[in-house]
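Chemist: Dropping the structure in here first, questions after.
Computed from the coordinates by the stated procedures, all read-outs in this text should not be read as laboratory data. Computed from a predicted structure; not experimentally measured. When we count neighbours, we look across all protein chains shown, and the Cβ atoms used for this are built from the backbone with ideal geometry, even at glycine.
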Amino acid sequence: LGKRLTDRLVGSLPTPESGQRFYADAGQRGLTLVVHASGVKTWLVRYRFGGRQKSLALGRWPELDVAEARKQAVEVLGKVSRGEDPQGGRAAKKELTYGEWVARYLAQKVGTASFQHYRYHLQGGPGGRGHPAQPSPAWQRWANRPLESIGPDEAADLIRELAKRGAAFANRARAYLAACFAQAKREGYLEANPFQGAPRFKEKPVKEAYLFTPEELQQLDQAIAELDDREARAYFLLLRTTGCRPGEPLKLRWDDLNLSGDPPTVRFSKTKTNITR
């Protein structure tokens with residue numbers, strides 16, 4: 001969209017339901033306003049340098065108003081006309097590391113239902129009970145790497161490596177990593193998302209879960225109650241009431257139990273996926 005932007009117009013622009021919308025400023029060549037689904041509005045300057053299309057993030061509106069954004073855009077394009085890359089002076093910002101970006105990105109996800117899954121695939125498991133944190137494969141490879149230096153070949157290699165742990169695992173990791181890098185691109189830190197062309201793998205059909213009938217549940221409860229071994233009875237009763245995996249009760253500690261709660265609760269922190277639930 002090509003309109004001559006004013007602060008009043010920018011303030012009235014609608015927030016998209018998802019993704020972002022771009023508004024080119026007819027009053028200044030190369031200046032673009034990006035309106036994100038979060039409601040944030042940021043300025044970009046688009047230009048060509050060295051045969052490549054590039055963009056440089058200037059800042060957020062209204063902290064950076066229309067007049068100041070145009071002034072900065074003129075300065076950026078002036079450097080381009082003199083044969084200088086405007087991003088050379090912002091190396092510190094553009095060379096944001098993977099670890100620094102992930103920390104920022106996860107801060108936006110705190111409190112959401114998917115936070116633990118994002119953290120697991122982007123950064124790693126939190127550890128706990130004296131156990132060290134378990135870094136994710138992406139974190140192990142790239143924590144201190146500049147975000148811009150991570151290319152599509154490396155992204156594809158990582159997903160292929162993760163596929164050795166299962167197609168579903170690799171596909172989930174790819175989805176979370178792609179979303180993370182897409183946000184970095186939207187905010188002007190990347191020219192392209194390296195995970196956009198990363199491979200996807202065919203997953204095995206999920207078997208339909210078998211549900212016990214009320215009569216079968218009654219028989220199961222009776223069988224558990226009749227067990228002579230007290231520990232075995234407690235083990236199967238825990239499986240029956242929580243739906244946890246067979247190996248998870250064996251890793252429980254006393255501090256995972258809250259027997260005084262209403263109702264009593266069990267905290268599983270050593271799970272197959274390293275995600276506490």
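Chemist: Report the relative contact order of the range 1-72, percent, no decimals, based on alpha-carbon pairs under 8 angstrom and at least 6 residues apart. Display every interim value, and only then the final one.
Modeler: Working: 115 pairs, mean separation 17.4, N = 72.
Relative contact order, the range 1-72: 24 percent.
Chemist: For residue 185, give me every one of the aspartates and glutamates with a C-alpha distance below 14 angstrom, ignoring sequence neighbours fewer than eight places off in its own chain.
Modeler: Here the aspartates and glutamates satisfying the reach criterion relative to residue 185 are 95, 148.
Chemist: Specify, per residue and in Å³, the volume enclosed by the convex hull of the alpha carbon atoms belonging to the chain.
Modeler: Details: hull volume 55.7 nm³, N = 277.
Per-residue hull volume (Cα only) is 201 Å³.
Chemist: Can I ask one more? Based only on other Cβ atoms within 10 Å, what is the fewest-to-most ordering of 22, 169?
Modeler: Working: 22 11, 169 16.
Lowest to highest Cβ neighbour count: 22, 169.
Chemist: Okay, next question. Cα-Cα over 27 Å: which of 109/204; 3/41; 41/79? Could you put the intermediate results ahead of the total?
Modeler: Working: 109/204 30 Å; 3/41 16 Å; 41/79 25 Å.
Result: 109/204 exceed 27 Å.
Chemist: Further question: Considering only C-alpha atoms, what is the centroid distance from the range 1-72 to the range 145-221, in Å?
Modeler: Each part reduced to its Cα centre gives a spacing of 32 Å.
Chemist: Using 7 Å Cα-to-Cβ label points, what is the residue 48/residue 157 separation (nm, one decimal)?
Modeler: 3.3 nm
Chemist: Modelled label-to-label distance, residue 18 and residue 212, 7 Å Cα→beta-carbon offset: nm?
Modeler: 3.9 nm
Chemist: Now for a separate question. Along the positive direction of the dipole of the chain (beta-carbon charges: Lys, Arg +1; Asp, Glu -1; about the Cα centre), which of 30, 152, 258 reaches farthest?
Modeler: About the Cα centre, the residue reaching furthest to the positive side is 30.
Chemist: Using +1 on the beta carbon of Lys and Arg, -1 on that of Asp and Glu, and nothing else charged, what's the dipole of the chain about the Cα centre, debye to 20?
Modeler: Working: 45 positive and 31 negative charges, 258 e Å.
Dipole size: approximately 1240 debye.
Chemist: Shifting gears a bit: What number, in percent, do you get for the relative contact order of the chain if the mean sequence gap of Cα pairs under 8 Å and at least 6 apart is divided by its residue count?
Modeler: Result for the chain is 11 percent.
Chemist: Counting other C-beta atoms within 10 Å, which of 38, 12 has the fewest, and how do the rest follow? Don't jump to the answer; show the numbers that get you there.
Modeler: Numbers: 38 12, 12 8.
Sorted ascending by nearby Cβ count, the order is 12, 38.
Chemist: Counting only helical runs of four or more DSSP H residues, what would the 222 nm mean residue ellipticity of the chain come to if each run contributes -39,500 (n - 2.57) and the total is spread over all its residues?
Modeler: Values: 10 runs with 108 residues, N = 277.
That calculation yields -11500 deg cm²/dmol at 222 nm.
Chemist: Arranged by the count of other C-beta atoms within 10 angstrom, fewest first, what order do 139, 43, 254, 61 take? Intermediate results must be reported in sequence, preceding the final value.
Modeler: Working: 139 18, 43 27, 254 6, 61 22.
Listing 139, 43, 254, 61 from fewest to most nearby Cβ atoms yields 254, 139, 61, 43.
Chemist: Using the Karplus curve 6.51 cos²θ - 1.76 cosθ + 1.60 with θ = phi - 60°, work out ³J(HN,Hα) for each residue of the range 221-230 in order, rounded to whole Hz, and write x for Gly and Pro.
Modeler: Along the range 221-230, the couplings run 4, 5, 5, 5, 5, 8, 5, 6, 6, 5 Hz.
Chemist: At a Cα cut-off below 15 Å, give the aspartates and glutamates reachable from residue 251, other chains included and same-chain residues fewer than 8 away excluded.
Modeler: 231
Chemist: While we're here: Restricting to Cα atoms and excluding each atom paired with itself, what does the Kirkwood estimate give for the range 7-90 in Å? Walk me through the intermediate numbers first.
Modeler: Values: mean 1/r = 0.0753 Å⁻¹.
Computed over the range 7-90, the radius equals 13.3 Å.
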